[in-house]
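Step one of this worksheet: look at the structure below.
A short reminder: the numbers here are calculations on the coordinates, not readings from a lab. What you are looking at is a predicted structure, and each value in this text was computed from that prediction instead of being measured. Backbone-built Cβ (ideal geometry, glycine too); neighbour counts: all protein chains shown.
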Amino acid sequence: MAIRSDRTSLGRLLLGAALLLLASACHPPRNSLAEWAPSPNYNARRPQMVVIHHTVEDTFDGALKVLQTQNSGGPVSSHYLIGKDGRLAQLVSDDHRAYHAGGGSWGPYHDLNSLSIGIELVNNGFEPFPQPQIDALLVLLEDLTRRYGIPRTQITGHADVDPVRKQDPNGFFPWKQLADRGFGLWPDETLADPPAGFDPWMALKVIGYSTKDPVATARAFHLHYHHIESGELDDLDRRILFNLESKLLGTVPPP
């Protein structure tokens, strides 16, 4: 009986230690210098936008390994990874910062890792995105925008937020298909001429683009809306930008 009692006590001790460790893991870090006097008036990080990437890696497992370790630039991650067959994995909790947006910016925001969700699509950068992969992305976007109240216009590409360094997702990415489901910003088929004095570069800023490097910004804009590479804006770009700016500001462009 004494042996059984000792085993029972040991079991309870181990269970108590395990529960204590679990409790400490579930709580945010606490400063040992201060008395813990918790308040319920707080919330977790709330994402405000989504940044879409392609992996460069050809396979799901290869991309997963890189996102769990590092690439040539150091530790890298994203919140989600979507395979070509629609397989979906979450690597980082939504309320934590993932290392995916680097030094990019969008509008007034610069620390994009702190306010965005990163989604990586398995793609080597030179191929179309299979429909099962896009279908899984659309389901995920519906979930994220609904749960966090992310504006549906705030769905961007890595090249949009970091036009100098990045070119993903590649020119095959179906932004129009996302727009047809209500995600992102897309121009109407019929475009009005902008008024005299319209500034396309200011419209790019209104949308969210940085214009510190105009050539890189024009290329990123064309990658998103034309699937071409060009560092100059033309008359069609002016009409598109006028239309997009009007939509974003809630004004109706003239017919």
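For this structure, a couple of remarks:
- Placing unit charges on the Cβ atoms only, positive for Lys and Arg and negative for Asp and Glu, gives the chain a dipole magnitude near 1260 debye about its Cα centre.
- Spin-label proximity, Arg181 to the range 74-103 - amide N less than 12 Å from point 7 Å beyond Cα toward beta carbon: 86
- Lys/Arg +1, Asp/Glu -1 at C-beta; the chain dipole; positive extreme among Pro194, Pro108, Ala98: Ala98
- Prolate/oblate/rounded call for the range 68-122, Cα gyration tensor, a/c under 1.5 rounded: prolate
- Kirkwood-type radius of the range 200-249, with distances r between different C-alpha atoms, in Å: 10.7
- Calculated FRET value between Leu236 and Val215, using beta carbons and R₀ = 22 Å, to 0.05: 0.80
- Candidates per GluC sites (Glu not before Pro) in the range 115-213, loop by DSSP, up to 11 other Cβ within 10 Å: Glu189
- Point-to-point label distance, Lys65-Val206, nm (Cα→Cβ direction, 7 Å offset): 4.8
- Tyr42 versus Leu191: modelled label distance in nm, points set 7 Å from Cα along the beta carbon direction: 4.8
- Based on Cα contacts under 8 Å between residues 6+ apart, the range 130-195 shows a relative contact order of 29 percent.
- Cβ-placed point charges (K, R +1; D, E -1), dipole of the range 200-249 about Cα centre in debye, nearest 20: 220
- Ranking Pro128, Leu141, Phe172 by Cα position along the charge dipole of the range 125-177, where only Lys, Arg, Asp and Glu carry charges on their C-beta atoms, puts Leu141 farthest toward the positive end.
- At 1.002 mPa s and 20 °C, Stokes D of the range 49-180 from Kirkwood alpha-carbon radius, µm² per second: 147
- With only Cα atoms counted, the range 31-98 has Rg and Dmax values of 16.7, 51 Å.
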